[in-house]
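These notes concern the structure reproduced below.
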Amino acid sequence: MAQALTLANTDRSAVRAVCLAVSGVNHPSDQQRMLDWIRDLFPGHIKFYVENDAVAALASGTMGKLHGCVLIAGTGSIAYGVTEDGKVARAAGAGPVLGDWGSGYGIAAQALTAVVKAYDGRGPHTNLTREILRKLELSSPDELIGWTYADPSWARIAALVPVVVSSAEDGDEVANKILHDSVQELADSVVAVVRRLKLCGEDGMDQFPLVLVGGVLEGNKQWNISGEVVRCISKVFPGVHPIRPEVEPAVGAALLAWNHHRKGLKLENGS
């Protein structure tokens with residue numbers, strides 16, 4: 001935040017509102033901890049708002065309007081929706097231990113598991129073995145165990161997703177199954193949120209925005225994960241309107257801060 005203010009040639013005294021959109025903020029107690037921390041960093045007149053990072057990602061695609069659904073699929077994954085009257089719902093986003101299988105981590109972890117199964121005879125042969133060993137500069141699947149647990153950070157595992165995608169594009173059946181299963185997981189998460197909030201209307205036909213964020217959903221590959229996800233969702237809800245934001249989620253957080261501030265001013269002025 002200090003760096004952003006410096007680049008804008010201003011300082012904290014000029015700030016009127018701050019929105020923190022933070023991963024893992026899922027409960028009022030989480031919000032309160034963040035508020036207690038940030039109040040000491042800015043002058044007393046500033047208004048503070050704390051949201052889950054998915055809210056800023058949604059706002060980055062709707063230019064600050066909180067209505068619709070966002071699907072984030074990077075290292076982790078989450079589907080998050082908001083209605084025009086403020087109701088919210090989410091699906092997935094519980095981390096890799098509880099099964100974000102459509103995420104980058106989930107895709108790569110399944111690929112590593114497939115390599116181990118192929119090696120010890122529990123699974124079919126897959127070119128993922130050759131490609132992952134080449135990527136990691138290992139000589140045998142035996143070494144994957146040591147590599148994995150030497151630093152089992154989620155992002156380190158998720159970095160193998162491009163290997164899975166390229167193997168699928170080259171026709172590997174195991175890699176293709178992993179991606180198809182992941183597409184279904186991501187689509188199911190969105191469908192669950194849209195259905196709970198009735199974003200599609202009572203008859204399921206209304207149009208609603210679906211903001212797509214995260215490296216897994218970048219649509220510049222032959223194996224177009226985001227395109228397949230939207231295709232699956234459109235079978236259930238034909239009104240889905242996919243949006244790929246042109247700005248990063250940090251801009252969404254700034255838009256949220258501005259909108260909160262503007263609403264506050266209107267209430268103060270009685271309008």
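The values are calculated or read from the model by the stated rules, or taken from the named source; none is laboratory data. None of these values were measured; they are calculated from a predicted model. Reconstructed Cβ throughout: ideal geometry from the backbone, glycine too, with neighbour counts over all protein chains shown. To get the accessible areas, we keep the full protein, side chains included, count just its heavy atoms, and leave off ligands, DNA and RNA. Shrake-Rupley method; radii C 1.70, N 1.55, O 1.52, S 1.80 Å.
Numbers below:
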item: Tally, over the range 218-269, of residues that are closer than 30 Å to residue 178 by Cα and assigned to a helix (DSSP H, G or I); result: 13
item: Sole exception among (1) over 20 Å from residue 187 (Cβ atoms); (2) surrounded by fewer than 15 Cβ atoms within 10 Å (Cβ to Cβ) for residue 119, by number; result: (2)
item: Residue 122 more than 18 Å from residue 229 (Cβ to Cβ) and either touching a residue at least 60 places away in the same chain (Cβ under 8 Å) or part of a loop (DSSP other than H, G, I, E, B) (or both); result: yes
item: Output for the range 186-217, where each listed residue is touching a Phe, Trp or Tyr at 6+ places or on another chain (Cβ under 7 Å) and part of a loop (DSSP other than H, G, I, E, B); result: 199, 200, 204
item: Output for the range 241-256, where each listed residue is open to solvent by 20 Å² or more (accessible area, probe 1.4 Å) and either of a type in the set (S, T, N, Q) or closer than 16 Å to residue 72 by Cβ (or both); result: 242, 243, 244, 245, 247, 248, 249, 250, 251
item: Breaking point among (1) over 28 Å from residue 83 (Cβ atoms); (2) modelled with pLDDT of 95 or more; (3) more than 17 Å from the chain's Cα centre (by Cα), for residue 195; result: (1)
item: Pairs with Cβ under 6 Å, 6+ apart, first in the range 100-113 and touching a residue at least 40 places away in the same chain (Cβ under 8 Å), second part of a helix (DSSP H, G or I) and of a type in the set (Phe, Trp, Tyr); result: 105/154
item: Residues that are surrounded by fewer than 19 Cβ atoms within 10 Å (Cβ to Cβ) and assigned to a helix (DSSP H, G or I), drawn from the range 97-116; result: 97, 98, 113, 116
item: Meets criteria (modelled with pLDDT of 90 or more, in contact with a Lys or Arg (Cβ under 7 Å, 6 or more places away or on another chain), hydrophobic (A, V, I, L, M, F, W, C) and closer than 21 Å to residue 207 by Cα) for residue 59; result: no
